[in-house]
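Notes for the one structure printed next.
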Amino acid sequence: MKIYILYLVISLMCLFSSNSICQTAALNQISDYIDIINNKKIAVVANQSSFIGETHIIDTLLSLDIDIKYIFTPEHGLNGNYDAGEEVENSIYKNIPVISLYGDKKYIEDSFFEFFEIVLFDLQDVGVRFYTYISTLHYVMESCAKNNTQLVVLDRPNPHLQYVDGPVLDMNYKSFVGMHPVPVVYGMTIGEYSKMINGEKWLDSGFVCDLIVIKIKNYKRSDIIEYNVPPSPNLTNLNSILLYPSLCFFEGTIISVGRGTNLPFQIYGAPYFNTNFIFKPSPNLGSKYPKFNGQKCYGYNLSEYSESKTHLDKINLNFLINAFRQSPNKEQKVFFNSFFDKLAGNRDLKQKIIEGWNEDKIRKSWESNLVEFSLIRKKYLMYD
């Protein structure tokens, strides 16, 4: 009765809520997975985005007397207050140990599995290869498979479902920002992606995870979702999320992408550009050590870019190409850093930009690999 009453209350909250995520994501599925975890010892993979209606999933499950033994958390931590790349420390939440899966150990250690029977995974992904939550998903699936433990993935919306674009990862450049042979934008929810990891035997030694994916109800691939809770500290609104596949390449260059400002992943620039738009990075919650800290940067403001929605069908490479071409010879020689090839998933993209290829020519070089990937992807899609 307690479970039914809470489910009814949350359902009514979302019925009258303007929050479109509330109406489509994990909230609607409590009745679909509560019987799986009820009277079981569980672990939960979660972060600050793991909300059911107005309540964090951990608090919701505790109110239902679900026995949570451990909380595991990805990059940025349970509260989303760690910088990109910053090692996340273990902690405690309501007497439950919170174990970091970002740092030296990115998987769930075997010794933990004696304490729980099921792992519940609830992270808001953004559908981009170098966004590390799908890498955390991989290691969680692998850990569960090796320890014969069921994984329940609560699917969530993805703002980049409408297209597939970018170079497919060359596995010689495999890293935590790219673990699978997929393009930069792969056009799948995290639930669909988990099925693909299983189906394509991408786990270590061909392991297959005992996987249940809880579908999003009443969800279509064309739906545009607003995010009340940022999925990570520097993706603060829908515009930054939509620009992320195009602008994140700058993380592998000398160009600032607005970390240390109130518009991260919505602006870009450098001290040597000659433009009218000016910004000055400084330490903040999302970036303790921003690029060009305290320096005046000139660049471009894309904070209203998503209003046209024209970029939803492809990555915009011209931001990167034009920034390289605008850079003086001295800066061009050091424009790309060692991280760029990991983001691109190959060394070809950097070389083609240096050689002067335009966006259309570069895009054509991806076509055959994208066609091959699309055939794989098609097998795992769950939504129209």
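The values are calculated or read from the model by the stated rules, or taken from the named source; none is laboratory data. From a predicted model like this one, the values you see are computed outputs, not experimental measurements. No Cβ is skipped: glycine too gets one built from the backbone with ideal geometry, and neighbour counts run over all protein chains shown.
Checking each residue in the stretch 374-384 for being surrounded by fewer than 18 Cβ atoms within 10 Å (Cβ to Cβ) and either modelled with pLDDT of 95 or more or touching a helix residue (DSSP H, G or I) at 6+ places or on another chain (Cβ under 6 Å) (or both) picks out S374, L375, I376, K378, K379, L381, M382.
Considering only the stretch 58-72, I want to know if a residue exists there that is crowded, with 17+ Cβ neighbours inside 10 Å, within 14 Å of the chain's Cα centre (by Cα), of a type outside the set (K, R) and closer than 28 Å to P283 by Cα. Scanning the stretch 58-72 turns up no residue that is crowded, with 17+ Cβ neighbours inside 10 Å, within 14 Å of the chain's Cα centre (by Cα), of a type outside the set (K, R) and closer than 28 Å to P283 by Cα. What residue, of L169, L137, L151, L161, is of a type in the set (A, V, I, L, M, F, W, C) and in a strand (DSSP E or B)? Result of the check over L169, L137, L151, L161: L151. Scanning the stretch 323-360 for residues that are in contact (Cβ under 8 Å) with a residue 60 or more places away in the chain and of a type in the set (A, V, I, L, M), we see that the one that is surrounded by the most Cβ atoms within 10 Å (Cβ to Cβ) is A344. Go through the residues of the stretch 305-314 one by one and say whether even a single one is under 23 Å from V182 (Cβ atoms), touching a residue at least 24 places away in the same chain (Cβ under 8 Å) and hydroxyl-bearing (S, T, Y). No: zero hits. Of the residues P181, P230, which single one is buried (at least 16 other Cβ atoms within 10 Å of the Cβ), modelled with pLDDT under 95 and part of a loop (DSSP other than H, G, I, E, B)? Criteria check complete, one pass: P230. What do you reckon, is G258 of a type outside the set (F, W, Y), part of a loop (DSSP other than H, G, I, E, B), crowded, with 23+ Cβ neighbours inside 10 Å and modelled with pLDDT of 95 or more? Taking the combined requirement at face value, the residue satisfies it.
Okay, residues lined up against (1) closer than 26 Å to I321 by Cβ; (2) in a loop (DSSP other than H, G, I, E, B):
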| position | (1), (2) |
| --- | --- |
| K195 | no, no |
| K217 | no, yes |
| S222 | no, yes |
| E226 | no, yes |
| L243 | yes, no |
